[in-house]
1. Filter the stretch B:65-110 down to the residues that are under 20 Å from B:Ile156 (Cα atoms), aliphatic (A, V, I, L, M) and within 14 Å of chain A (Cβ to nearest Cβ), then identify the one that is farthest from the chain's Cα centre (by Cα).
2. With the requirement that a residue be free of Cβ contacts under 8 Å to residues at least 40 places away in the same chain and open to solvent by less than 10 Å² (accessible area, probe 1.4 Å), what does the stretch A:53-99 give you?
3. Taking the stretch B:214-236 only, how many residues are touching a Pro at 6+ places or on another chain (Cβ under 8 Å), open to solvent by 10 Å² or more (accessible area, probe 1.4 Å) and of a type in the set (Gly, Ala, Ser)?
4. Output the number of the condition that A:Gln170 fails; it satisfies all remaining conditions of (1) in contact with a Gly (Cβ under 8 Å, 6 or more places away or on another chain); (2) at the interface with chain B (Cβ under 7 Å from one of its Cβ atoms).
5. Cβ contacts < 7 Å: first residue over 19 Å from A:Arg317 (Cβ atoms), restricted to the stretch A:256-270; second residue of a type in the set (Lys, Arg) and part of a loop (DSSP other than H, G, I, E, B), any location; separation 6+ or different chain. Result?
6. Out of the stretch A:1-14, which residues are open to solvent by 30 Å² or more (accessible area, probe 1.4 Å) and not in a loop (DSSP other than H, G, I, E, B)?
7. Could you list, in sequence order, the residues of the stretch B:100-110 that are open to solvent by 20 Å² or more (accessible area, probe 1.4 Å) and outside any helix (DSSP H, G or I)?
Number of protein chains: 2
Amino acid sequence: MDIERELKENRKIVDSLIEGRFPKNIDVEYLTWLAGEAPYSYDPDVIQKTIFEPMWDLLSRGGKRWRPWLFIILAKNLKVDLEKYQELAIIVELLHNGSLIADDIEDGAEVRRGDKAIHVKYGLDIAVNLSSAMYFMPLRILMEMDVDDSTFRRLINAYLEDMIRIHLGQATDIGWHRGLKDPEEITVDHYLQMCANKTGVLPRLAARFAAIAAGLNEEEERRLGRFAETIGVAFQIQDDIMNVTGAEKLGKAFGEDITEGKVTLMVIHALSKASEEDKKRLKHILSLHTRDGALIEEAISILRKYGSIEYAKEFARNMIRESWSSVEGLLPDNEYKEKLRDLANFLVEREF
Amino acid sequence: MDIERELKENRKIVDSLIEGRFPKNIDVEYLTWLAGEAPYSYDPDVIQKTIFEPMWDLLSRGGKRWRPWLFIILAKNLKVDLEKYQELAIIVELLHNGSLIADDIEDGAEVRRGDKAIHVKYGLDIAVNLSSAMYFMPLRILMEMDVDDSTFRRLINAYLEDMIRIHLGQATDIGWHRGLKDPEEITVDHYLQMCANKTGVLPRLAARFAAIAAGLNEEEERRLGRFAETIGVAFQIQDDIMNVTGAEKLGKAFGEDITEGKVTLMVIHALSKASEEDKKRLKHILSLHTRDGALIEEAISILRKYGSIEYAKEFARNMIRESWSSVEGLLPDNEYKEKLRDLANFLVEREF
């Protein structure tokens, strides 16, 4: 697939942008840039070990970097001055990686991108602090960017609103895992909103950044943001599918979502279709937070029995299809529009 | 003391401001205000339980609310239009409370304000997410504030820079606790910078907010910020002193800083004065992370032996004294200037 090669090349570009602003080795001069003049004196040796080393450990492990790529393709499609705006891509990617660290702590996950999760490898204290440090440090780029005050305000509003949303999405997901709500009472719209907040926000932010940089108006920014959010939700649905079909080549262990008691679109669908007995059984297994392979297989077989996996697959494909209709007229026809279409399709058809 | 009464009254005012924007009970309409229009649908029941309930649990336990008070007194001294700007006080206080949740997770502390720490009472997942949620949610206030784009930019820059700093301060503190640096290599300036970043940032932000709202220029904003930062550092030194003298009426357990292996100004002073034997012994006890009362008492007796507690006390008093000289001419003479002086003195003389 051509798109996989393009993502790989893009990865190099994004990582060198990141390294230009967030180097692997830091000193006092760097910290003065990042955090402003120190009245006394920074201790870069220790900050190196507790922030920059674990951050680069995580970044070096991989990741598709599709969010910054989405920003770049959209920006190119919209003829944005990338000399000026390209570093917005860094912000989106670092926010994403910061959120992964928090995610792993919150889910009690032990593995991330083929190595120990950051809190397991470096300790909870370092991980908790690093996670939210990565929500703020990249914003120094925006503080330094040569944009007028009104553009600055729009960019920051997009960032702040999406950071508020990401925490509401996570709060919802955590509450459901903890069984604070009967899974049968969770609607498809609740689920989609949780995904929009958890997984849709960062592509949404990438798209809003591109729209603002292109000088689109607020209504156009909203439409483009909504389009990218939808791609993010479809991406999440595909992620959930891969977790129970075993199609996933990397990342989480097969069936781990069942262990976590995760309420997915498939679960919601099955609960709405299943016999009383199967419904009860599925809810019971999800509440156990079990690692027992036979139980996990049983839960998945209930999803299969009611066609819930196929339902979710079709649902995601439809979302992508429909989301195009709202932005077709907004995006000029050029090669980047085609790349965007390829990316969107890839995100729901991929198997990693 | 008059100031304690004033703080108490101020507390009521600040809490009702907070509750006006962050109510104890929320619904879909509220979430739409906080996070924007939902394309699908929010689940307020669960967000209530995982964000608003634990947040208000923490807020209701107390706290001095001196940071928002600092903002209000400074704003009044500078004749700021408080009708317009008073809600900036909310931002400062919620950031502070969010950082306490992170602090307790990172230090493994079990108690906060006389009840279980949030991660102990509600779970690590809820606490980690809530902590950084509180770094963003209050910013909705600023997004909605009727200020021009250039004022908005200055307010946001102050916020972002200080949020970057707070994470560097925490990273430094964590690294030292973990023994990533020989305590003897930590200088007084390193320590003061760590405090400036950890404890100085929020008063600094309160002061910068007041300066910007008053229309002061950037140099004046910097001076006022520096003044408040110094008060914060002196406050931290007093906090550290109370922990080893047992003067503290509330909060952390006596000697807990020794258990945490915390490198304080007293420790740095003692390490620079002590005999080789005492030095070795002090470093050893700090590295043990012990809860043994006799060992904690022994470490404190070394601090006493070299006059390190008195040294720190004098140091903090001098800081407050000197910090005044830089802002004397900037602040108009009125009753609020006197209140400010009372607050600064109170913060280094207090015993709770």
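1. Here the residue is B:Ile91.
2. Selection gives A:Gly98 alone.
3. 0
4. Condition (1) is where A:Gln170 drops out.
5. That search, which allows pairs on different chains as well, returns A:Thr259/A:Arg291.
6. A:Asp2, A:Glu4, A:Arg5, A:Glu6, A:Lys8, A:Glu9, A:Arg11, A:Lys12, A:Ile13
7. B:Gly108, B:Glu110 - these are the residues of the stretch B:100-110 that are open to solvent by 20 Å² or more (accessible area, probe 1.4 Å) and outside any helix (DSSP H, G or I).
The rows are residues; the columns are (1) among the hydroxyl-bearing types (Ser, Thr, Tyr); (2) modelled with pLDDT under 95; (3) under 30 Å from B:Leu347 (Cβ atoms).
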{"position": "B:Leu31", "(1), (2), (3)": "no, no, no"}
{"position": "B:Met55", "(1), (2), (3)": "no, no, yes"}
{"position": "B:Ala89", "(1), (2), (3)": "no, no, yes"}
{"position": "B:Gly114", "(1), (2), (3)": "no, yes, yes"}
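The values are calculated or read from the model by the stated rules, or taken from the named source; none is laboratory data. Owing to the predicted nature of the structure, the values given are computational and were not obtained by experimental measurement. Every residue, glycine among them, receives a Cβ derived from its backbone with ideal geometry; neighbour counts consider all protein chains shown. Keep in mind that these areas ignore ligands, DNA and RNA; they rest on the heavy atoms of the full protein, side chains included. Shrake-Rupley method; radii C 1.70, N 1.55, O 1.52, S 1.80 Å.
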